[in-house]
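The values are calculated or read from the model by the stated rules, or taken from the named source; none is laboratory data. Just so you know, these numbers come straight off a predicted model, no measurement behind them. No Cβ is skipped: glycine too gets one built from the backbone with ideal geometry, and neighbour counts run over all protein chains shown. Quick note on the areas: whole protein, heavy atoms, side chains included, nothing else; ligands and nucleic acids left out. Shrake-Rupley method; radii C 1.70, N 1.55, O 1.52, S 1.80 Å.
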Amino acid sequence: MPSTAAEVRNVVLVGHTGAGKTALAEDLLAVAGAGGAGAAPQGRPRGAEHRSSRGINLTLSALRHRDMTINLLDTPGYPDFVGELRAGLRAADAALFVVSAVDGVDGATRALWAECAAVDMPRAVVVTRLDHPRADFAAAVTACQEAFGAGVLPVYLPDGADQAGAGARLVGLLTGHVVEYAGKDRHDLADRAELDGAAQDARGALIEGIIAESEDETLLDRYLGGEELDPRTLLDDAETAIARGHFHPVLPFARTASGVGLPVGSVELLDLMVDAFPSPAEHPLPPLTRCDGSGCPGMAADPDGPLLAEVVRTTTDPYVGRMSLVRVFSGTLRPDATVHVSGHGRAAAGHPDHDVDEKVGALQAPDGTSLRAVDACAAGGICVVTKLGAAETGDTLSDRDNPRLLAPWMMPEPLLPVAITARTKSDEDKLPTALSRLAAEDPTVTVRTDAETGQLLLWCMGEAHADVLIERLSGRYGVDVDRAEPRIALRETVRGPAHGLGRHVKQSGGHGQYAICQIEVEPLPPGAGFEFVDEVVGGAVPRAFIPSVQKGLAAQLARGVATGNPMVDIRVRLVDGKAHSVDSSDLAFQVAGGLALRDAAAKAGVALLEPLLDVSVLVPDEHVGAVMGDLSGRRGRVIGMEPLGAGDVGRTVVRAEVPELEMLRYAIELRALSHGTGTFTRHLTRYEPMPEQLAATVLKDRSG
């Protein structure tokens, strides 16, 4: 492995499904002579992904170019697997946006670009699939400029012009040189190309864009004065601007027609990564604190400094055990060393906080698409660590004598609930362990048992995510589960006032049970809860047993009377009753109180209350009308809209109140409605009466 951070480039490949990220990585590995048939580190699943055209896991491979190690992190393009994308972004120092010359830029890629821009992450764009008959490089560049904004400019043109398609020749807009690809050879013809009007315009825009980011204030005057600027000077300024995240070159890339030979643009792309993307030493480290949350001095990518690393992905191999993909930010990680493992802030998602010391197992580093054992991983490097039993995805590894904690990743909340049940008793016994391991691997899944419905829920990012999780339970951990429809925790109340009689009288020899109580019930306003009023006169119910009646009523309210859901917003007045000098008891009056409530509810009728969610949907302006109409169709009430500020121009938050029953699959349906650009949050606000027809169906399904 490289001994210094200056010898490393960590690059994440991002883009929508079908843009060609994986094919691009494979081509670059082949060009650099680092191909091979080994399994990719933290590799691709053998089941679900082979049956699908999309990747679902982050994969890491490495190549050498001009004595530099380039770690390529290939991320899934499908939104369900955003956790893998976040892991790739965390481990990388620069992002390469892969855009198809056929399909253009989707909304999710546009949002990701804005997210990277917010932290000044260096970015470049590679336009792929130029060998496709419908490819149009010029149109793809225009789409990128419209989607990504200023500073997105091509530095090479295919075929020497901005025409559709791609040939085996490229023209450098700065140097003017023609680069020709012929089979396995690449030739820099060093000829000045004759650029047409559109290409001349592209060259002018590129030079002006570089000058705008240059620290040399004389360049603009010299350029406007007609001076021919030195291409090397412009290239140096461009590389500096790229590393700072202020300039974003666009490069063409095309496989050869025969599939054999150098892909067009491959060497230029590798040169860009080496020359313009920052090394780990130049890219700022994530924020960090001490484990107690207090501040601490920052660190640098120094192999001799204190250890600071992070687990960016966790998986379990049936033969090796737990494998952790680790990015080292500072210091040097070595096999058999004892490190401190810190994880905080995700207890609500099923990832308990912990601070433990743990011994590092063997280290392996990527070599092409395979792994090889190494004796150290220095700052800036990425490696695979075996047998870290306590460490989960997102945990920090640091010196045990001076532990640190890296700030957590920005991770969207999983909002698709999937109820599961173990298929057999054996599966039920193995399920808790399997779910614990699943949660350790995937920070985008939340495992939770609903306290009211009793259902075991996997909160997922989408349907495909749920399918993969269930397949992993079966294939990786040998646990078969069945899916069920998630149940909504409702509330009951009475429709109107009624009288109830509770009679609990049993005499079967020995000490008997005797308690009679009469109550009056009436509904209260929403949110009022339970109110108990003692109106007994003349000692019909002895004072000692009044609390017993109240306790029995409270227990029955918690159980409900019709659907098993708690009863709320009700006033109960205890008006009369009878007791026996010998057979009355605390337990007898508890039972009588519950029976009286059931009798009164049967006479008054039971109304169902459903949870109402406060929903905020963030979408581009062009989808606001469709989202509002859809929310109204879900029995929702739109309560406001709010256009966002300067950093989110063109996006609006729509706020609405929607019954939870209508929101179970909204994570999937919003994605389709907004073409993958919408996000939402949800919070319980209150309970409201359920429509009569729907309530009748629920009562029929849940009664008894």
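So that you can scan it fast, the table gives a plain yes or no per residue for (1) under 30 Å from Ala489 (Cβ atoms); (2) modelled with pLDDT of 95 or more:
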| residue | (1), (2) |
| --- | --- |
| Cys517 | yes, yes |
| Ala528 | yes, no |
| Gly539 | no, no |
| Gly552 | yes, yes |
| Gln556 | yes, yes |
| Ile570 | yes, yes |
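Residue by residue through the range 639-668, note down the ones that are in a strand (DSSP E or B), open to solvent by 50 Å² or more (accessible area, probe 1.4 Å) and among the charged types (D, E, K, R).
Glu642, Arg651, Arg655
Checking Arg66 against (1) surrounded by 19 or more Cβ atoms within 10 Å (Cβ to Cβ); (2) basic (Lys, Arg); (3) in contact with a helix residue (DSSP H, G or I) (Cβ under 6 Å, 6 or more places away or on another chain), which single condition isn't satisfied?
Single failed check for Arg66: (1).
Scan the range 685-696 and report the pairs whose first residue is touching a residue at least 12 places away in the same chain (Cβ under 8 Å) and whose second residue is surrounded by fewer than 13 Cβ atoms within 10 Å (Cβ to Cβ), with Cβ atoms within less than 7 Å and a gap of 6+ or a chain change.
Arg686/Gly527
Hey, does the range 456-463 have a residue that's in contact (Cβ under 8 Å) with a residue 40 or more places away in the chain, within 30 Å of Ala600 (Cα to Cα) and open to solvent by 40 Å² or more (accessible area, probe 1.4 Å)?
Looking for residues that are in contact (Cβ under 8 Å) with a residue 40 or more places away in the chain, within 30 Å of Ala600 (Cα to Cα) and open to solvent by 40 Å² or more (accessible area, probe 1.4 Å), one finds none in the range 456-463, hence no.
Any idea which residue in the range 669-704 is most open to solvent (accessible area, probe 1.4 Å), counting only those that are of a type in the set (D, E, K, R) and outside any helix (DSSP H, G or I)?
Per the criteria, the residue is Arg686.
Just the residues that are within 18 Å of His177 (Cα to Cα), modelled with pLDDT of 85 or more and either in contact with a strand residue (DSSP E or B) (Cβ under 7 Å, 6 or more places away or on another chain) or acidic (Asp, Glu) (or both), please, taken from the range 204-235.
Answer for the range 204-235, where residues must be within 18 Å of His177 (Cα to Cα), modelled with pLDDT of 85 or more and either in contact with a strand residue (DSSP E or B) (Cβ under 7 Å, 6 or more places away or on another chain) or acidic (Asp, Glu) (or both): Ala205, Leu206.
Quick one: count up the residues across the range 463-493 that are assigned to a loop (DSSP other than H, G, I, E, B) and at negative phi.
Residues that pass the stated criteria total 10.
How about the range 290-316: which of its residues are charged (D, E, K, R) and loosely packed, with under 14 Cβ neighbours inside 10 Å?
Matches in the range 290-316: Asp292, Asp304.
Looking only at the range 442-455, filter to residues that are among the charged types (D, E, K, R) and within 25 Å of Pro566 (Cβ to Cβ); which one of those is least open to solvent (accessible area, probe 1.4 Å)?
Asp450
Give Arg129, Arg134 a once-over and let me know the one that is without any contact (Cβ under 8 Å) to a residue 40 or more places away in the chain and charged (D, E, K, R).
Checking each option against the conditions leaves just Arg134.
Of (1) at pLDDT below 95; (2) open to solvent by 30 Å² or more (accessible area, probe 1.4 Å); (3) among the β-branched types (Val, Ile, Thr), Val606 satisfies all except one. Which?
Result: Val606 fails condition (2) only.
Name the strands (runs of 3 or more DSSP E) wholly inside the range 168-284 in which the number of residues that are over 28 Å from Val119 (Cα atoms) and open to solvent by less than 60 Å² (accessible area, probe 1.4 Å) is 2 or more.
169-172, 178-182
Among the residues of the range 606-630, how many are closer than 17 Å to Met690 by Cα, aliphatic (A, V, I, L, M) and within 24 Å of the chain's Cα centre (by Cα)?
1
Check Val521 against each of (1) surrounded by 15 or more Cβ atoms within 10 Å (Cβ to Cβ); (2) out of contact with any Gly (no Cβ under 8 Å at 6 or more places or on another chain) and name the one condition it does not meet.
Evaluating Val521 over (1) surrounded by 15 or more Cβ atoms within 10 Å (Cβ to Cβ); (2) out of contact with any Gly (no Cβ under 8 Å at 6 or more places or on another chain) leaves (2) as the failure.
Given the criterion open to solvent by 30 Å² or more (accessible area, probe 1.4 Å) and under 17 Å from Ala25 (Cβ atoms), identify the matching residue among Arg129, Arg134.
Criteria check complete, one pass: Arg129.
Contact list please: Cβ distance under 9 Å, first residue in the range 468-481 and among the aromatic types (Phe, Trp, Tyr), second residue open to solvent by less than 50 Å² (accessible area, probe 1.4 Å), pairs at least six apart or on different chains.
Listed pairs, sorted by first residue: Tyr477/Thr316; Tyr477/Leu431; Tyr477/Ala434; Tyr477/Leu435; Tyr477/Leu438.
Residue-by-condition table, conditions (1) open to solvent by 10 Å² or more (accessible area, probe 1.4 Å); (2) under 30 Å from Arg483 (Cβ atoms); (3) without any contact (Cβ under 8 Å) to a residue 40 or more places away in the chain; (4) part of a loop (DSSP other than H, G, I, E, B):
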position: Tyr319; (1), (2), (3), (4): yes, yes, yes, yes
position: Pro366; (1), (2), (3), (4): yes, no, no, no
position: Leu371; (1), (2), (3), (4): yes, no, no, no
position: Pro414; (1), (2), (3), (4): yes, yes, no, yes
position: Val418; (1), (2), (3), (4): no, yes, no, no
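Would a scan of the range 446-461 turn up a residue that is of a type in the set (Asp, Glu), closer than 30 Å to Ser585 by Cα and touching a Pro at 6+ places or on another chain (Cβ under 8 Å)?
No - not one qualifying residue is present in the range 446-461.
Applying the selection to the range 423-440, what residues are open to solvent by less than 30 Å² (accessible area, probe 1.4 Å) and either touching a strand residue (DSSP E or B) at 6+ places or on another chain (Cβ under 6 Å) or touching a residue at least 60 places away in the same chain (Cβ under 8 Å) (or both)?
Leu431, Leu435, Ala439, Ala440
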